[in-house]
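Contents: one structure, followed by commentary.
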Amino acid sequence: MKLKQLKKNVIEALSEIYPSEEIHTFFFILSEKYLNLSRIETTLEAEQKINPRVLQKFETALRRLKNHEPIQYIVGGTEFYGLPFKVNEHTLIPRPETEELVEWIIEGAVSENKPDYRILDIGTGSGCIAVSLAKALPQASVFAMDVSLKALEMAKENARLNEVSVQFFQEDILKTGTLPQQYDVIVSNPPYVRELEKLKMKNNVLNFEPPSALYVSNADPLVFYRTISRLALRYLKPHGKLYFEINEYLSNELMKSLKKEGYPHIDLKKDFRGKDRMLQCRKK
């Protein structure tokens with residue numbers, strides 16, 4: 001089979017499930033993974049013959065895509081902030097809006113230009129925030145924690161992949177009363193999707209991404225923010241900053257809670273879709 005026929009087969013197999021643009025993206029991702037061909041090369045090499053072993057890989061990927069499994073889990077990785085990251089069922093797939101949070105933190109750190117700059121990422125998952133910050137801010141000391149040992153294994157692998165130093169440790173933020181030291185920045189992208197919002201989510205998220213990293217109860221959706229903000233009051237250095245990625249529907253409620261906890265200075269920022277997505281706050 002030639003590459004152009006393989007592309008046609010992929011499009012036909014997925015046409016009733018996914019939009020055309022997304023199917024083409026799947027094909028390019030799989031071609032890069034299994035054939036080491038760039039997007040333009042898939043056109044230039046359209047007459048290339050595909051061996052049976054590679055065809056089998058494409059067929060397996062198509063079966064998984066038909067089951068709505070995320071393409072990132074199928075190929076075992078994705079890109080975040082211009083860097084390669086490995087992901088699996090124990091980690092969330094990094095989102096583009098989180099890149100904006102990383103950029104915001106970097107801008108603040110560069111403008112301050114302080115020595116002994118320390119950053120803590122709480123609930124690091126794949127390590128995308130911590131590793132990206134360590135890569136962009138080589139002068140900083142970056143630390144990251146997660147409750148999941150499996151997630152930490154992946155985060156450590158991503159730190160090695162991107163040749164950065166991040167100190168990882170396991171901790172359940174809802175059960176700990178202390179942090180190891182003082183920090184200039186504490187950042188978290190905690191679980192913030194309420195159970196009631198599951199109806200709006202796609203099967204590729206519902207059925208495959210780790211629930212513990214996504215969902216919070218309807219009764220207390222701000223539990224992680226409240227816990228982290230209270231710890232940050234004690235463990236942020238003077239003039240230190242706390243950054244959160246947030247639920248767009250809970251921005252007002254969260255800001256009220258943070259002001260009550262002792263953060264009078266709060267900056268809310270929208271993501272590229274125009275949704276309330278992240279905030280920065282400083283204690284008194």
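Couple of notes before you dig in:
- Count of segment 170-191 residues which are of a type in the set (A, V, I, L, M, F, W, C) and within 14 Å of GLY125 (Cβ to Cβ): 2
- Residues of segment 161-192 that are in a loop (DSSP other than H, G, I, E, B), touching a strand residue (DSSP E or B) at 6+ places or on another chain (Cβ under 6 Å) and modelled with pLDDT of 95 or more: ASN162, GLU171, ILE173, GLN182, ASN189.
- Filter pass, LYS49 being more than 30 Å from LEU236 (Cα to Cα) and either crowded, with 17+ Cβ neighbours inside 10 Å or small (Gly, Ala, Ser) (or both): no
- Neighbours by Cβ (under 7 Å, 6+ apart or cross-chain): first from segment 214-239, within 18 Å of LYS259 (Cα to Cα); second among the acidic types (Asp, Glu) and modelled with pLDDT of 95 or more: LEU222/GLU253
- Pairs where the first residue, in segment 249-265, is without any contact (Cβ under 8 Å) to a residue 60 or more places away in the chain and closer than 28 Å to LYS198 by Cβ and the second is in a loop (DSSP other than H, G, I, E, B) and β-branched (Val, Ile, Thr), C-beta under 9 Å, 6+ apart: LEU254/ILE246
- Tallying residues that are among the aliphatic types (A, V, I, L, M) and under 14 Å from GLN280 (Cα atoms) within segment 106-118 yields 2.
- The listed residues are PHE272, PHE244, and the only one of them that is part of a loop (DSSP other than H, G, I, E, B), touching a residue at least 24 places away in the same chain (Cβ under 8 Å) and assigned by TED's automatic domain parsing to the domain that holds LEU174 turns out to be PHE272.
- When ASN158, ASN218 are checked against the criterion of being of a type in the set (S, T, N, Q) and assigned to a loop (DSSP other than H, G, I, E, B), a single residue qualifies: ASN218.
- Single condition ILE119 does not satisfy, out of (1) assigned to a helix (DSSP H, G or I); (2) surrounded by 23 or more Cβ atoms within 10 Å (Cβ to Cβ): (1)
- Hits in segment 93-116 - residues which are surrounded by fewer than 16 Cβ atoms within 10 Å (Cβ to Cβ) and farther than 17 Å from ASN189 by Cβ: GLU107, VAL110, SER111, GLU112, ASN113, LYS114, PRO115, ASP116
- Search result, residues across segment 130-154 that are within 15 Å of THR98 (Cβ to Cβ) and touching an Asp or Glu at 6+ places or on another chain (Cβ under 7 Å): ALA130, ALA144
The values are calculated or read from the model by the stated rules, or taken from the named source; none is laboratory data. Just so we're clear, the structure is a prediction, and the values are computed from it rather than from any experiment. Note: ideal-geometry Cβ built from the backbone for every residue, glycine included; neighbour counts use all protein chains shown.
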